[in-house]
Each structure stands twice: as C-alpha cells, then as structure tokens.
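Asker: Please find one structure pasted underneath; my questions will follow.
The values are calculated or read from the model by the stated rules, or taken from the named source; none is laboratory data. What you see is a predicted model, and the numbers here were worked out from it, not measured in a lab. Glycine gets a Cβ as well: all are built from the backbone with ideal geometry, and neighbour counts include every protein chain shown. Side chains included, ligands, DNA and RNA excluded: accessible areas come from the protein's heavy atoms. Shrake-Rupley method; radii C 1.70, N 1.55, O 1.52, S 1.80 Å.
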Amino acid sequence: MLQLHKLEEIRNEAYESSRIYKEKTKSFHDKHILQKSFVEGQKVLMYPSRLKLFPGKLKSRWLGLLIVTKVFPHGVVKVLSPSMENSFKVNGLRLKPYYESMEEEQVALIHLIDPVYVDE
C-alpha cells in the first residue's frame, strides 16, 4: 500500500512539473511574438495558411499585393485584392508589409577597387 502511495506522489509531481514547464514555454513564446501594426492604404503580402506538401524550393510562399482597407482591434485586418476586386478579413499575423523597390536616384552607388598586393 505504501508503494502505491509513493507511485501516486511521483505521478502528481510529474504532472505539476509538466504544467510548470508548459507555462514557462508559453510565456517565452508569447513574449517573442512581434506585434505588427498596419495603416489603411498600406500594401501588404499574405501568407497562405493552407497546407501545401510540395510548394517548390524557390517559389515565394507569400501571396500577391494586397491593400489594407480597415484595421480592426485584436489584430484583424480587412484587405482588398486589386486583381480580384474583392475584400476579406484576415489575421494580421499572416500579413507582412510590402516594401516597394527604391528609385534609382535613392540608391547609393559604391565603386570597389581591387586591392593591390605587394610582394616583399
């Protein structure tokens, strides 16, 4: 009977340590999630959440150019697809900002010179 009580104690300790570990990992994960903020009129890319087994190595996993039409609380964003002319709501974590390419005048050119080697 004493061995059964000892086994029950060990099992309870294992459950407790597992619960503590899960709480710590969840708090660590939640602390490192980046909060994204979007504004109306901003261009974004969307990550499709559907499972694709073989998407291709070099194929971009981000879908086309979307425009933010409205930002709701708790991370919901309403986006407009210019190609399909329809709008839909999506979780803000599935979006990332689209940065347009810079104009040629904005890019600084750096000319590199080959180093000269001197034999001593």
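Asker: Report, in debye and to the nearest 20, how large the dipole of the chain comes out about its Cα centre when Lys and Arg carry +1 and Asp and Glu carry -1 on their Cβ. Mind showing how you got there, number by number?
Answerer: On the way: 19 positive and 15 negative charges, 239 e Å.
About 1140 debye.
Asker: Could you derive backbone 3J(HN,Hα) for region 82-95 from the dihedral phi with the Karplus parameters 6.51, -1.76 and 1.60 (θ = phi - 60°), listing whole Hz in sequence and x where the residue is Gly or Pro?
Answerer: Going residue by residue, I get x, 6, 9, 6, 10, 10, 8, 9, 8, 5, x, 6, 8, 10 Hz, with x marking Gly and Pro.
Asker: How much of the accessible area of the chain, probe 1.4 Å, is carbon plus sulfur, in whole percent? Kindly include the intermediate steps, with their values, before the conclusion.
Answerer: Numbers: 6860 of 11540 Å².
Answer for the chain is 59 percent, counting heavy atoms of protein chains only.
Asker: Considering the dipole of the chain built from charges on the beta carbon (Lys and Arg +1, Asp and Glu -1) around the Cα centre, which of 41, 98, 18 is farthest to its positive end?
Answerer: 18
Asker: Could you tell me the relative contact order of the chain? Use alpha-carbon pairs under 8 Å, at least six residues apart, and round to a whole percent.
Answerer: On the way: 109 pairs, mean separation 23.7, N = 120.
Answer for the chain is 20 percent.
Asker: Something else: How much mean residue ellipticity at 222 nm does the chain get from its helices, if each DSSP H run of length 4 or more adds -39500 (n - 2.57) and you divide by all residues, to the nearest 500 deg cm²/dmol? Can you show the working numbers first?
Answerer: On the way: 1 runs with 30 residues, N = 120.
Helix-only estimate at 222 nm: -9000 deg cm²/dmol.
Asker: Rank by packing, highest mean first: peptides 83-90, 38-45, with packing defined as the count of other Cβ atoms within 10 Å averaged across residues. Each step should come with its number before you reach the end.
Answerer: Details: 83-90: 11.4, 38-45: 14.2.
Put in order of decreasing packing, that is 38-45, 83-90.
Asker: What number comes out for accessible area per residue over the chain if the probe is 1.4 Å? Units Å², please.
Answerer: Details: 11540 Å² over 120 residues.
About 96 Å² of surface per residue is accessible.
Asker: Moving on. Explain nothing, just compute: Karplus ³J(HN,Hα) = 6.51 cos²θ - 1.76 cosθ + 1.60, θ = phi - 60°, for every residue of region 34-44 in order, whole Hz, x for Gly and Pro.
Answerer: 7, 7, 9, 10, 10, 10, 5, x, 6, 8, 9
Asker: Still on this structure, I have one more. Filter 59/89; 22/89; 31/70; 22/59; 26/89; 31/78 down to the pairs with a C-alpha to C-alpha distance above 30 Å, please.
Answerer: Values: 59/89 25 Å; 22/89 32 Å; 31/70 26 Å; 22/59 36 Å; 26/89 27 Å; 31/78 26 Å.
Check vs 30 Å cut-off fails for 22/89; 22/59.
Asker: With point charges of +1 on the Cβ of Lys and Arg and -1 on the Cβ of Asp and Glu, referenced to the Cα centre of the chain, which listed residue (74, 116, 32) lies farthest in the positive direction of the dipole?
Answerer: 74
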